[in-house]
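Q: Sharing a structure here in structure tokens format.
Readers should treat all values here as calculations from the given coordinates under stated rules, not as data from a laboratory. Remember, predicted model here, so these are calculated numbers, not experimental data. Methodologically, a virtual Cβ is constructed for each residue, glycine included, from the backbone with ideal geometry; neighbour enumeration extends over all protein chains shown.
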Amino acid sequence: MSELKKLNVNPCKMCMPIGAAIAFKGIENSMLLMHGSQGCSTYMRRHMSTHYEEPIDIASSSIDEQGTVYGGEDNLKQGLKNLIELYSPGVIGIVTTCLAETIGEDIRRIVADFKQNNELGSLALVTVSTPGYGGSQFEGYYLSLRRIVEQLVEEPAHKTKKINLIAPNISPAEIRELKRILELFKLDYTILPDIAQTLAAPYTADYSKIPAGGTRLRSIKKMGEAAATIELGALVDSSLSAAAYLEDKFAVPVYRLPLPIGLKNSDLLINILAEISGREIPAVLKEERGRLIDTMIDSHKYNGQGRAALFGDPEIVYAVSSLCQENGVKTILMATGSNIATFNNKLREITAANREQSLILNDTDFEEIRNYISEYKINLMLGNSDGAFIEEKDGIPLLRIGFPIHDRVGAARQQNIGYQGTNTLLDRITNQLLALKHDNFRENLYQKYYQPLSKSIAAESFTEQSFQTAELSVGDQ
Amino acid sequence: MKDSKAGIEEILDDVLQSYPAKSMKNRKEHILVKDRNKSELKIKANTRTIPGIITNRGCAYAGCRGVVLGPLKDVVQIVHGPIGCSYYAWGMRRHQGLAAEGGKNFINYTFSTDMQDSDVVFGGERKLKEAIKEAVEIFNPSTIMITATCPVGLIGDDINSIAKQAEEEYGITVMAFNCEGYKGVSQSAGHHIANNEIMDNLVGIKDKELDYKYPINLMGEYNIGGDAFEIERILHKIGYDVVASFSGNGTADQIKYSHEADLNLVQCHRSINYIAEMFEEKYGIPWLKVNFLGVDATIESLRNMAEYFADPELQERTEKVIAEELAQIEAPLNRYKELFTGKTAFLFVGGSRAHHYQNVFKRIGIETVVAGYEFGHRDDYEGREVIPDIEMTADDRNIPELEVTKDDKKYRLRISQAKKEELQQKMPLDYYGGMIKEMEDGSVAIDDLNHHEQIKLTEALKPDIYCSGIKDKYTSHKMGIFSKQLHSYDYSGPYAGFKGHLQFAEDIAAGILNPSWSYITPPWKEKTTLEGSFGGGE
């Protein structure tokens, strides 16, 4: 929050450990244990379950009052033992919470001690320090990926042609789309994390306590051998970057890209894949690109009437802003509750040429967002479902994208990336604007044109303001 | 109970076998099989959760901020702490609230001091003070409640004195709740902390002349999915007036004069029975254990209430309303019963719902084979008679006990001791018998169920319906079992009262009879079909 504001009203962010939870859910045969009060894992399971519509099983060391006084070491060790006995995981992520951090738990030491005193076989333990007051879900997510890489990647014996892809917090369907694209270039890859199946498990007759899929431990170990790392995250600080670690430690070159949402951002990814793979862009992708442009042209009249507010995860806001920009949807307000050093500048760059200056809010809350939404006559919100109360109170439609989506189904099946995903998302945006028009366009026409004519329209009443509103509601003349 | 009855002990042995020895010993005491012939059916409850098993329990903060305080419409709830706790408690429990005319409703809001690293190091008191100031300036509430999250107690922020100062400075009610997440063993500790504070500093701070003939308080009803709306509809129709609700669809303002009621109705015994006791001690208001979940229980509760007030006219009106309401739902309810007879349910919810919903199911032909509480105490399982035998644990002692004494000015004897004793022969006045007494022989009571036990018991007992919350809902779906959330009602409700019971039956039918189930087959029903049939040919 800004220095002046001490009260966060309806947060536009979550805490670090939930970001960690999403990251670890993309590792094959893994379980997660949160070191702290059991409420943390319960709250986060609840939030993730609603979003993904999947079981989200996260253990807790259940520190009690005694543990806060004498330390939670015994709880953590007992928790690990039970977790190993009941789930036989291949990887356990151990992350901290506000409580563990405030009482000064040294999980690295405790876990090292646990490793020494127990026969763990091939079980890998990864520790991440994620105090809830240390950042938002955004930092928790990327930091966990970095710690996974730091603690698991082995010294490479040789180099391979494989590439690493550090995935942002996107949907399982979007991870599947990334894989499809990589496979079209015939690239051998390690995608981290891979929630494609783990957080969107198909129904099978045999339920398994740990869902199938996820990045394999042995693939993670070999990420140092890769020819390149593509990290999807334009705003990721190098201290949080798994790719930066792989570059520093094993000289794996890094390509840092925004999420491939929008034409330009998708082009960036596709061109780099062509470069790395040394292959032509596959015909099917060219076709998809052509279709996207066709849509952009066909829909431009309607899109030009959009006055959008974007909020939520900074990477999604950044990428979707770019999509809006390309299509003439005015990005009036772009906001994140996270505190991201580069957020303002990066968004300023892509919106600099706009006639109407965009409002960019870093480290904000929904109260502030809501105030600007009414002040700036926003007619479309793009963001997670936490903006739903604004939709309900002020009647501004909310197109739900990103994490979390709590009040609609299908979040795990949303596919907004690449040319295809962009096309779908753009259609949703356009249709939302069309719905707005169809809801009131006859009445608006009547009010604004027919009646004034009968009263003989006074030229002076045609102010700048009424011109603007007329344009908004009648646009495609 | 179907074919599984003979083997229930073996099934439970199998469930326990997977644990390391220490954990097995612990969990064994939390599970029992109902057997009428046994003289004692003792279950372990309200003890620490074993680390590393996947429990459904929440924390003290969740019980305080989320459950008890959350539904109060006119309160600005400032969560003092890092952002997560405030965020996660925001609108999560689907408690509904309609603002009174001209009244404020902050139910769509959550407020946080959003503590950062530096606040944990240097203390967050200044930030909290300024946050209160902002809240007053922007929202102008009559009551502010400050809830503590884990770091607050540890870094020594004195939220109580800040609340006191703010109260003086702004001339409004400002309360502080020391409900750090690590306190107690479940959200139950948080209910206790919240309620004690409310009893101590909110109840009775305002007197009000009420022109009510039968003034009552509704306690332990949190208006999930609009349950309290249906309950209040029925009560108003009969002629009762709800003075205050603790806390579904309630306001802090009403609680301030709730000592003016003549009877306290206790719906959820777990979360509020101690407050009901204190009301009697301090103000002379007895409490009646009611249950508005299920038609039969609702009718019984309404008759007990009418008898308590001992007014023939009221009794007559009660019967008239019961008849009217029943006429609207009885026929369809009976049809649902025919449809569902033979089906079984697995309930794991709350500190009272696993009990209350058994009779909801029973009325529509569904038998409960497993029932357990997430945060119940022994008395919720075994009845209030075991309270003197419950051992105090270190965790219990860490929750401050509130002692109340008779308030000489506001105490008013509602009924004589003799009358009370007479009524107690007929109704649960100041009494709750717990869940186990009403369970069928051979059914299982289980406390603090976890993921492993859910799976094992589901596989072994093959229930048709699994009722819990969102955390285990999808596990149930993955196992091919219809699940109905009884925490949030899956965006449906109300399920209470008369209309609610029908709504519930309709929702169960919509779920259980949905054609999508015909495309999957649970492994125990047809072992040969693995992935269901493809192609939609059927």
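Q: Between A:LYS186 and A:ALA274, what is 0.36 nm times their sequence separation minus the Cα-Cα distance? Round to one decimal in nm.
A: Full extension of this stretch gives 30.7 nm more.
Q: If you don't mind, another one. Label points 7 Å out from Cα along the Cβ direction at A:ASP439 and B:LYS42: separation in nm?
A: Taking the two extended label points, one gets 6.3 nm.
Q: Would you mind checking the pairs A:LYS5/B:LYS129; B:LYS73/B:LYS471; A:LYS393/B:LYS104 and listing those with alpha carbons more than 18 angstrom apart?
A: Those over the limit are B:LYS73/B:LYS471.
Q: At 0.36 nm per residue, and after removing the present C-alpha to C-alpha distance, how many nm does the segment from B:ALA327 to B:HIS236 gain when stretched out fully?
A: 30.9 nm is the gain from fully extending B:ALA327 to B:HIS236.
Q: Oh, and also: Per residue of B:121-131, how many C-beta atoms from partner chains lie within 10 Å of its own C-beta, taken as a mean?
A: The per-residue average across the peptide is 2.
Q: Looking at chain A, send over the antiparallel percent of its DSSP beta bridges, to the nearest 5.
A: 5 percent
Q: May I pose another question? Considering only DSSP beta bridges whose two residues both sit in the protein assembly as shown, what percent are antiparallel, to the nearest 5?
A: If I count the DSSP bridges inside the protein assembly as shown, around 10 percent turn out antiparallel.
Q: Can you find, among B:PRO388, B:TYR373, A:GLY306, the residue farthest towards the positive end of the dipole of the protein assembly as shown? Put +1 on the C-beta of Lys and Arg, -1 on that of Asp and Glu.
A: With unit charges placed on the Cβ atoms, the residue in question is A:GLY306.
Q: Which percent, nearest 5, of DSSP beta bridges in chain B are antiparallel?
A: 15 percent
Q: Okay, next question. Peptide A:128-136: average number of partner chain Cβ atoms within 10 Å per residue?
A: Counting other chains' Cβ atoms within 10 Å and averaging over A:128-136 gives 5.
Q: Follow-up. For every other residue with a beta carbon closer than 13 angstrom to the beta carbon of B:GLU316, add +1 if it is Lys or Arg and -1 if Asp or Glu, then tell me the sum.
A: Here the count lands on -2.
Q: Calculated from DSSP H runs of 4 or more alone, at -39500 (n - 2.57) each and per residue, what is the 222 nm mean residue ellipticity of chain A, nearest 500?
A: Rounded to the nearest 500, the figure is -14500 deg cm²/dmol.
Q: For B:ILE512 paired with B:LYS133, estimate the spin-label separation in nm (one decimal), with each label point 7 Å from Cα along the Cα-to-Cβ line.
A: About 6.0 nm, to one decimal.
Q: For an R0 of 22 angstrom, estimate the FRET efficiency from the Cβ-Cβ distance between B:ILE387 and B:GLN417 and round to the nearest 0.05.
A: Efficiency computed from Cβ-Cβ geometry: 0.60.
Q: Still on this structure: Mind checking which aspartates and glutamates have their C-alpha under 13 Å from B:LYS237, skipping anything on the same chain fewer than 8 residues away?
A: B:GLU316, B:GLU319, B:GLU324, B:GLU325
Q: When the helices in chain B are scored as -39500 (n - 2.57) per DSSP H run of 4 or longer and the sum is shared across all residues, what 222 nm value do you end up with, to the nearest 500 deg cm²/dmol?
A: The helix contribution divided over chain B gives -12000 deg cm²/dmol.
Q: Run the numbers on chain A and let me know its relative contact order in percent, using alpha-carbon pairs under 8 Å that are six or more apart.
A: Relative contact order comes out at 17 percent.
Q: Can you tell me, using C-alpha contacts under 8 Å and at least 6 residues apart, the relative contact order of chain B as a whole percent?
A: Reported relative contact order: 18 percent.
Q: With the crude spin-label approximation of a point 7 Å out along Cα→Cβ, what separation in nm comes out for A:GLU349 versus A:SER208?
A: Modelled inter-label distance: 4.2 nm.
Q: If R₀ is 22 angstrom, what is the calculated FRET efficiency for the pair B:LYS164 and B:ASP207, using the beta carbon separation as r and rounding to 0.05?
A: Result of the calculation: an efficiency of 0.50.
Q: Assigning unit charges at the beta carbon (Lys, Arg +1; Asp, Glu -1) and nothing else, what dipole magnitude in debye, to the nearest 20, does region A:16-152 show about its Cα centre?
A: Here region A:16-152 has a charge dipole of around 240 debye.
Q: Still on this model: To the nearest 20 Debye, how big is the dipole of chain B about its Cα centre, given +1 on the beta carbon of each Lys and Arg and -1 on that of each Asp and Glu?
A: 860 debye
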